[in-house]
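Accompanying notes for the structure given below.
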Amino acid sequence: MIQRLKSLPEIRITMVCMGNICRSPMAAAVLSNRTADWNSPKIIVDSSGTGPWHVGHNAHATSQKVWEAAGYQHSHVARQFQPSDFFTTDLILVMDSSNFNNVINLAIDDDSRKKVFYLRSFDPSLALINPTSVQFSELEVPDPYNQSVEAYEETLIMIERAVDGLLQEILRQ
């Protein structure tokens, strides 16, 4: 799947979490900032949630505070993941098993299902974990919703490692 993406002039990536106010906008902020000056391939990033609770809302204040403190700029309005996203997105990166299952259940065919990965499966230290094995939980980005600032900072570190691994994979010949 990733090999096929390397030949595209533009790669559309959607980050997915539960409510689209904490983890997925943070991941979109990291990826969009790290690839802002890329032209080949051009990376286009958005995010969504599998649930409708926060549609139309801004990012969680603590999430945005943490990504901005790390130097990332990103504006965000929450939206819900839709089956039509499979037609407009090349790669769908989910934060946990609940998101994975929710997105997979919306897939209309195997080509759509092949677009869905755990974001942390691109973390080089976790790359050997099979997402269908009993170790799948190690690939999850825990939800920091309404937890301490430190929980959001830990989430950012996990996301940065995974994004770095994803970018290395995209650039690898």
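Looking at the structure I just gave you, is Ser63 in a helix (DSSP H, G or I), of a type in the set (Gly, Ala, Ser) and within 22 Å of Leu139 (Cα to Cα)? Step through it out loud before you land on a result.
Values: in a helix (DSSP H, G or I): yes; of a type in the set (Gly, Ala, Ser): yes; within 22 Å of Leu139 (Cα to Cα): yes.
Considered against the rule, which asks whether it is in a helix (DSSP H, G or I), of a type in the set (Gly, Ala, Ser) and within 22 Å of Leu139 (Cα to Cα), Ser63 comes out as yes.
It is to be established whether one or more residues within the range 122-129 are among the polar types (S, T, N, Q) and closer than 26 Å to His54 by Cβ. The answer is no; no qualifying residue exists. When restricted to residues that are basic (Lys, Arg), in contact (Cβ under 8 Å) with a residue 60 or more places away in the chain and farther than 24 Å from Ser97 by Cβ, the range 1-48 contains 2. Annotation note: Cβ proximity below 6 Å between a residue of the range 160-171 that is within 14 Å of Phe117 (Cα to Cα) and at pLDDT 95 or above and a residue that is crowded, with 19+ Cβ neighbours inside 10 Å and β-branched (Val, Ile, Thr) (sequence gap 6+ or interchain) occurs for Val163/Val30. For the range 58-94, the candidate set comprises residues that are within 14 Å of the chain's Cα centre (by Cα) and of a type in the set (Val, Ile, Thr); within that set, the residue that is farthest from Thr14 (Cα to Cα) is Val94. Each residue in the range 146-173 was checked for being surrounded by fewer than 16 Cβ atoms within 10 Å (Cβ to Cβ) and basic (Lys, Arg), and 1 of them qualify.
Here is the figure for the range 70-106: residues that are farther than 16 Å from Ser32 by Cα, without any contact (Cβ under 8 Å) to a residue 24 or more places away in the chain and among the aliphatic types (A, V, I, L, M) total 1.
Can you tell me how many residues in the range 1-30 are part of a loop (DSSP other than H, G, I, E, B) and either touching a Gly at 6+ places or on another chain (Cβ under 8 Å) or surrounded by fewer than 20 Cβ atoms within 10 Å (Cβ to Cβ) (or both)?
To start, the set of residues in the range 1-30 that are part of a loop (DSSP other than H, G, I, E, B) comprises 1, 6-9, 18-22.
From what is left, the residues that are either touching a Gly at 6+ places or on another chain (Cβ under 8 Å) or surrounded by fewer than 20 Cβ atoms within 10 Å (Cβ to Cβ) (or both) are 1, 6-9, 18-21.
Number satisfying all stated conditions: 9.
Give the range 1-19 a look and list any residue that's among the small types (Gly, Ala, Ser) and under 16 Å from the mean Cα position of the chain (by Cα), or say none. Within the range 1-19, just Gly19 meets the criteria.
Filter the range 117-145 down to residues that are among the aliphatic types (A, V, I, L, M) and touching a strand residue (DSSP E or B) at 6+ places or on another chain (Cβ under 6 Å) and give me whichever is surrounded by the fewest Cβ atoms within 10 Å (Cβ to Cβ).
Step one: filter the range 117-145 for residues among the aliphatic types (A, V, I, L, M), giving 119, 126-129, 134, 139, 141.
With touching a strand residue (DSSP E or B) at 6+ places or on another chain (Cβ under 6 Å) added as a condition, the list becomes 119, 139.
Details: Leu119: 30, Leu139: 25.
The extreme case among them is Leu139.
Residues of the range 88-147 that are closer than 20 Å to Glu169 by Cα and of a type in the set (Val, Ile, Thr): Thr89, Ile92, Val94, Val116, Ile129, Val141.
Is one or more of the residues making up the range 31-43 of a type in the set (Val, Ile, Thr), part of a loop (DSSP other than H, G, I, E, B) and either under 15 Å from Tyr152 (Cα atoms) or modelled with pLDDT of 95 or more (or both)?
So in the range 31-43, the residues of a type in the set (Val, Ile, Thr) come out as 35, 43.
When the remaining residues are screened for being part of a loop (DSSP other than H, G, I, E, B), the result is 35.
Keeping just the survivors that are either under 15 Å from Tyr152 (Cα atoms) or modelled with pLDDT of 95 or more (or both) gives 35.
Yes: one or more hits.
The values are calculated or read from the model by the stated rules, or taken from the named source; none is laboratory data. It should be emphasised that the depicted structure is a prediction, and the values quoted were computed from it without experimental measurement. Note that we place each Cβ from the backbone using ideal geometry, even for glycine, and neighbour counts take in every protein chain shown.
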